[in-house]
Amino acid sequence: MSNLRIAEIFGPTVQGEGALIGEPTVFIRTGGCDYRCSWCDSMHAVDSEYRHTWLPMTDEAVWSEVRDLSGGVPLTVSISGGNPAIQDFTGVIALGKAEGYRFACETQGSVARPWFADLSMLVLSPKPPSSGETVDWDMFAECVAAAKDAPRCMKIVIFDDTDYAWAKDAAARYPDMQLYLQPGNPMVDPDRPVDLEQTTERLEWLIDKVTADRFFRARVLPQLHVMVWGNKRGV
């Protein structure tokens, strides 16, 4: 039995980004992370300053809440954070899959877990230079290997030209992995409204970059949750 640190469980709502954008989803957001990205929009699930708000929950307690939120209707459950890979979700995934639920997980690829192989989608999101973090590509490769035959993709947030060039190099490491790019949101204060005009301009800038470079293996997507809910709902 795991004793998980949970920042929040919420939904159903729609996935706001990446490969499963728009899909009805219940979110399990974990507490704790081994990164401190400069533009993190979920510090309440990252920094130990907020540890007192994270609930210690058993696998069964987590699953009971997910089932209640979804009304018992099997849908996608997204495990996010923080970095969910620093915890053991083997039990939660087993409970859910027994009832027909699907599981996705997004992680930066810094910690490999055997339970990656039980996912319906592993989203690996290596952090570009603007984050202030440095990717350990050997560990990233271990995460890819841990997924075995589970579907997986790469999602990279782009803030500037340096990030974009870095993303092209990162994508070249895994030419067979589907790649998603999305413009970063520099406004992470939940008390400040999002500038939708600027958000749209950043999306257009990224689309223009990809098109001009004929970098057609990349799929450019918005951060839907930012455009709809602003900074208050980082799904």
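The values are calculated or read from the model by the stated rules, or taken from the named source; none is laboratory data. Please read these numbers as outputs of a predicted model, since none were measured by experiment. For neighbour counting, all protein chains shown are included, and Cβ atoms are generated from backbone atoms with ideal geometry for every residue, glycine included. Ligands, DNA and RNA are excluded from the accessible area calculation, which covers all protein heavy atoms including side chains. Shrake-Rupley method; radii C 1.70, N 1.55, O 1.52, S 1.80 Å.
Taking the range 16-30 only, how many residues are under 26 Å from Asp47 (Cα atoms) and at pLDDT 90 or above?
Here is the first cut: in the range 16-30, the residues under 26 Å from Asp47 (Cα atoms) are 16-18, 25-30.
Next cut, at pLDDT 90 or above only: 25-30.
So the count comes out to 6.
Could you count how many residues in the range 169-212 are over 19 Å from Lys127 (Cβ atoms), open to solvent by less than 30 Å² (accessible area, probe 1.4 Å) and modelled with pLDDT of 95 or more?
1
Among the residues in the range 54-73, are any in contact with a Cys (Cβ under 9 Å, 6 or more places away or on another chain) and closer than 19 Å to Arg5 by Cβ?
Narrowing the range 54-73 to residues in contact with a Cys (Cβ under 9 Å, 6 or more places away or on another chain): none.
Checked the range 54-73: no residue is in contact with a Cys (Cβ under 9 Å, 6 or more places away or on another chain) and closer than 19 Å to Arg5 by Cβ.
Exactly one condition in (1) open to solvent by 20 Å² or more (accessible area, probe 1.4 Å); (2) touching a Gly at 6+ places or on another chain (Cβ under 9 Å); (3) under 20 Å from Leu20 (Cα atoms) is false for Ala117; which is it?
(2)
Of all the strands (runs of 3 or more DSSP E) wholly in the range 1-104, which have at least 3 residues that are surrounded by fewer than 20 Cβ atoms within 10 Å (Cβ to Cβ) and in contact (Cβ under 8 Å) with a residue 12 or more places away in the chain? It would help to see each step written out before you state the result.
On the way: elements: 3-14, 24-30, 55-58, 76-80.
Those strands (runs of 3 or more DSSP E) span 3-14, 55-58.
Does at least one position in the range 132-148 carry a residue that is out of contact with any Phe, Trp or Tyr (no Cβ under 8 Å at 6 or more places or on another chain) and on the phi > 0 side of the Ramachandran plot?
Applying the first criterion (out of contact with any Phe, Trp or Tyr (no Cβ under 8 Å at 6 or more places or on another chain)) to the range 132-148 yields 132, 134-142, 145.
Imposing the further condition that a residue be on the phi > 0 side of the Ramachandran plot reduces the set to 132.
Yes, the range 132-148 has at least one match.
Is it the case that Glu133 is assigned to a loop (DSSP other than H, G, I, E, B) and open to solvent by 20 Å² or more (accessible area, probe 1.4 Å)?
Details: assigned to a loop (DSSP other than H, G, I, E, B): yes; open to solvent by 20 Å² or more (accessible area, probe 1.4 Å): yes.
In short, yes.
When both residues are 6+ apart or on different chains and their Cβ atoms are under 8 Å apart, which pairs have a first residue that lies in the range 119-136 and is more than 16 Å from Arg173 (Cα to Cα), and a second that is in a helix (DSSP H, G or I) and charged (D, E, K, R)?
Listed by first residue and then by second, the contacts come to Pro129/Asp163; Ser130/Asp163.
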